[in-house]
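**Q** Handing you a structure now.
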Amino acid sequence: MPDLRFQSQKAKHTEIPKPKRAEGQWSMGFTEPLNKNEQSKKDDDPLNVRARILNIYSKRGFASIDPADLRGRFRWMGLYTQRAPGFDGGKTAMLEEEELDDEYFMLRVRSDGRLLSHDAVRALGTIGVDFARDTADVTDRENIQYHWIRVEDVPEIWERLDAAGLSSLEACGDSPRPFLGSPVAGVSADEIIDGTSALEEIFDRFIGDPAFSNFPRKFKTALTGHPGHDVSPETNDISFVGTVHPEHGPGFDLWVGGGLSTNPMLAAKLGVWIPLDEVADAWSAVASVFRDYGYRRLRSRARLKFLVADWGVEKFREVMEKEYLGRELVSCESPASPVGHRDHIGIHDQKDGLKYVGIAPVAGRVSGTMLVQLADLIEEYAVAGARLTPYQKIVLIGVRPEVVEELVARLDAIGLSARPSNWRRNTMACTGIEFCKLAIVDTKERARSLVTELEKRFPELDTPITVNVNGCPNACARTQVADIGLKGQLVMHEGQQVEGFQVHLGGATGLQANFGRKLRAHKVTSAGLDDYITAIVSNYLFDRVDADENFATWVARADEELLRGEKVLTSL
């Protein structure tokens, strides 16, 4: 239900921008649901569905599930129905959601930047083996994602997760989605500040709290104290980014309103300094602004980025401080952005004399079996633990220097490379049509075959080029901020509709943060993707000023025919 405790105070203290039309904002008195999603949340707090799963649905089976729970409230428990087999991409937008439903679920398990012990990794692996047909993917929100989950098995899965200190609570839905934390928090020699305790406090105070279980839409959090900005802070609803105040020392700047999908926006930087022990309060204030002022009329405008864009960062800060935080934040120049992103792949020194080792599956695809094998290695080599990364990778923390090379060889043997090719290191893919009801094309297997082919064609590439493969316009794989972003769609080829991609070129986060360049009416078939990328990478290598000119810089100045692949300057 709407929280209107502050409504009279708001009228006295802060002039609130009025939208051009009613947007369903609670704090402006619009408390009646304006769409079916809002009605469902008003009918029953989605957090209550946990008890029905445990006591009713898991005992009576899939057919017993109330549709409002199945296609709505289940998401607050990390559960989505997966795509039924046999429906091609042309059916995605034509069929109703229930027609695409399979009687199995995708389940997301949040890690929230936690260091996972060998017992926790083993628990994640055995769940995949025992209940998910050996599936387990590392997502770009630092989750483990399973498929083929039966509702009957959910109670035992939750018991195993609870025992491992893990949870799927609010991993999906209009809720505080899983947090992104620096994979090297607390150990990096370059770190400005370790934000681990702040993420733990946010989780403990607010996850599962009914006051924050009904946002207008999803609410994505990122926090890092690393100067490499290793959590893609530009693309999250709320990000805390390590900074240093000249008088107060290390703390966090606050960025708000980032997000991609069909209306991409980069986060606005507030230019503040927040001490570690006040991060959770600041999170609560921003989340409350979104809850009470966020647009609830149209789902397409229900993200925080639209409110920030309409209000401007100064007004947003004023409302947050005066009406929710109760104090002014300390102003501080925002920290400098790095070039590119930091994925932590490879072998690196920790500040305590140990090593951390970043390892790369292909496009995030692992398996339950692989996670069990990884857990065995973590235990055998007395590694402190593992963290998942925002780039579908894994970082092992606390490796003794004398065992590094032996461990790296053992990891490689199970399919987790610490010295991957550029293509394996820098390619991400969303779930795609294999399991996702929103997807139009295959992504995971297409990305894997693309990596294999590009490794043959460019085995010694001397500069990083990122490739992000997405199955639909929703940008779960951050299509718009990749060097080569691929957005799945059906395209015409020789009179037939076939799987293909709209291409975004030269996107980036960090110092060059921008959205990839789209070429008018330019589409690539899935079958022609290997040759197309070969053409544009060849053109880049031939036409770049020198080895220091990165791909995004080249794309910004390159002739369109070179970007379309219609002309190839050289053949490698």
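**Q** By the 4.7 Å beta carbon criterion, which cysteine residues of the chain come out unpaired?
**A** So, Cys172, Cys332, Cys436, Cys472.
**Q** Take the cross-link list Lys218/Lys351; Lys59/Lys444; Lys18/Lys437; Lys456/Lys523; Lys220/Lys315 and give me the ones stretching past 28 Å between alpha-carbons.
**A** Lys218/Lys351; Lys59/Lys444; Lys18/Lys437
**Q** Further question: Could you state the number of Å between the C-alpha centres of the stretch 372-439 and the stretch 179-203?
**A** Answer, in whole Å: 20.
**Q** So, one more: What order do Val319, Val545 take when sorted by accessible area (1.4 Å probe), most exposed first?
**A** Sorted descending by solvent-accessible area, the residues read Val545, Val319.
**Q** Pull up the DSSP beta bridges for the stretch 453-556 and report the antiparallel fraction as a percent, rounded to 5.
**A** 80 percent
**Q** Considering only protein heavy atoms and a probe of 1.4 Å, how much of the accessible area of the stretch 344-450 is carbon and sulfur, as a whole percent?
**A** 51 percent
**Q** Right, another one. Using 1/(1 + (r/R0)^6) with R0 = 51 angstrom and r between the beta carbons of Asp548 and Glu98, what's the FRET efficiency to the nearest 0.05?
**A** Between Asp548 and Glu98 the formula returns 0.40.
**Q** Just to be sure I understand, if you calculate volume of the Cα convex hull per residue in Å³ for this structure, which of [x] 152; [y] 143; [z] 161 do you get?
**A** [x]
**Q** Report the charge-dipole magnitude of the stretch 441-528 in Debye, nearest 20, computed about the Cα centre from +1 at each Lys and Arg Cβ and -1 at each Asp and Glu Cβ.
**A** Value, rounded to 20: 320 debye.
**Q** Whole number in Å², please: accessible area per residue of the chain, 1.4 Å probe, ligands, DNA and RNA not counted.
**A** 39 Å²
**Q** With the full set of protein chains in place, find how many percent of the accessible area of the stretch 241-341 is carbon and sulfur; take the probe as 1.4 Å.
**A** With neighbouring chains kept in place, the figure for the stretch 241-341 is 49 percent.
**Q** Roughly to the nearest percent, how much of the accessible area of the stretch 107-213 is carbon and sulfur, given a 1.4 Å probe?
**A** Here it works out to 47 percent.
**Q** Here is a follow-up. Name the longest site-free stretch of the chain, where the excluded sites are trypsin sites (Lys or Arg not before Pro) in a DSSP loop with no more than 12 other beta-carbon atoms within 10 Å.
**A** That would be 22-326.
**Q** For the chain, what is the relative contact order in percent, using Cα pairs closer than 8 Å and at least 6 residues apart in sequence?
**A** Result for the chain is 13 percent.
**Q** Using heavy-atom solvent-accessible surface (probe 1.4 Å) with all chains present, what is the largest-first order of Cys436, Cys172?
**A** From most accessible down to least: Cys436, Cys172.
The values are calculated or read from the model by the stated rules, or taken from the named source; none is laboratory data. Computed from a predicted model, the values in this text were never measured in an experiment. Backbone-built Cβ (ideal geometry, glycine too); neighbour counts: all protein chains shown. Accessible surface is based on the protein model in full, side chains and every heavy atom, while ligands, DNA and RNA are left aside. Shrake-Rupley method; radii C 1.70, N 1.55, O 1.52, S 1.80 Å.
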